[in-house]
Amino acid sequence: MFSRRSYLTAVGSALATATAGCSGNSKPRGDADATGTAPGTVTQGDGAGTTETDAPDAQPFDQALQAGDVTVRLSNPVVQDSYFTRLAADAGGVMAVEGTRFVFVTVESTGTTAPSLEDFGMESAETAGSAWTDYEGVTPARPPTGEEPYDPERGTGWVGFTIPAPLQTYHRIALSVGEETVRTQLPEPARGQLSDPVPTYEVSEFSAPESASPGDAITVSATVSNTSDTAGTFRGALNGAETTFVDRELQAGDTTEWQTEVTATATDEDANELDLSFQAVGVRDGTTVSLE
């Protein structure tokens, strides 16, 4: 069964690490059975020896998909290894799933009937799963494609999928309505990202002043290194009196310093300390600034 271990980072009593279960009764999407699966659930097959020539036919990504009385266009493909989320009003985090990537596309219904979220799915020789707008109940804090989440009443918005990483087989985005299924695949360069290993990062030298006056602008910084052979985007969340999301594109082996200014605002009941926490996948660091 496909393992989905979800890593969340947050502060305080918010969820720090969660393990997501895997449904054992999900079915691959297809022409014979288009019932789909619960959002985000996947089924796993062997996939060994499968090539692109064995894959179902796929229309060009920029061509409208039509199934039954539904017609949609897909655009703005985005492939990410993680995404920002907000686990509480004052706590941001980063969502990542071991051995998995997130794929986002914008959906625009151009027909007389708008499809439901469950009509969309992602297929490969290894897995099949339905589209979602909150993976395991965790919603992106920033719109991945610049749009609002998909809403059938509007007939537009972004949808998300999970897919194994790195992907060694074909993939298909499927639209299934009744007995009809049509498929497409991501265009380049998004398609090429699917076969890359997931990059890894290290954070060091997280620092902030030991003390400050209330209301001061203080500088918080950290050194981020890409420790893998794959280029990627590092994501982290700095939590204090407010949340600052951090993203930096890093080539394989590169190191960069990130810094930002925050206002020295107390986070404790006695109003004499600012607790800062820096969170990323596999990273949890922090410090306390005394307010004098």
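The values are calculated or read from the model by the stated rules, or taken from the named source; none is laboratory data. The model shown is predicted, which means the values in this text are computed figures rather than measured ones. When we count neighbours, we look across all protein chains shown, and the Cβ atoms used for this are built from the backbone with ideal geometry, even at glycine. Note: accessible area is taken over every heavy atom of the protein model, side chains too, but ligands, DNA and RNA are not part of it. Shrake-Rupley method; radii C 1.70, N 1.55, O 1.52, S 1.80 Å.
Summary of computed values
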{"item": "Equivalent-ellipsoid semi-axes of the stretch 147-292, from the Cα gyration tensor, Å, largest first", "result": "40, 22, 11"}
{"item": "Where GluC sites (Glu not before Pro) fall in DSSP loop in the stretch 188-267, at most 14 other Cβ within 10 Å", "result": "E210, E242"}
{"item": "Reciprocal of mean inverse Cα separation for the stretch 48-140 (Kirkwood radius, Å)", "result": "15.6 Å"}
{"item": "Only Lys, Arg (+1) and Asp, Glu (-1) charged, at Cβ; the stretch 164-292 dipole about Cα centre in debye", "result": "920 debye"}
{"item": "GluC sites (Glu not before Pro) restricted to the stretch 111-169 and DSSP loop, no more than 11 other C-beta within 10 Å", "result": "E153"}
{"item": "Residue order for D62, D275 - accessible surface, 1.4 angstrom probe, largest first", "result": "D62, D275"}
{"item": "Percent of alpha-carbon pairs separated by more than 18 Å within the stretch 220-282", "result": "42 percent"}
{"item": "Shape call, the stretch 105-164: gyration tensor on alpha carbons, a/c limit 1.5", "result": "oblate"}
{"item": "Spherically averaged projected area of the stretch 145-212 from its Cα convex hull (nm²)", "result": "9.5 nm²"}
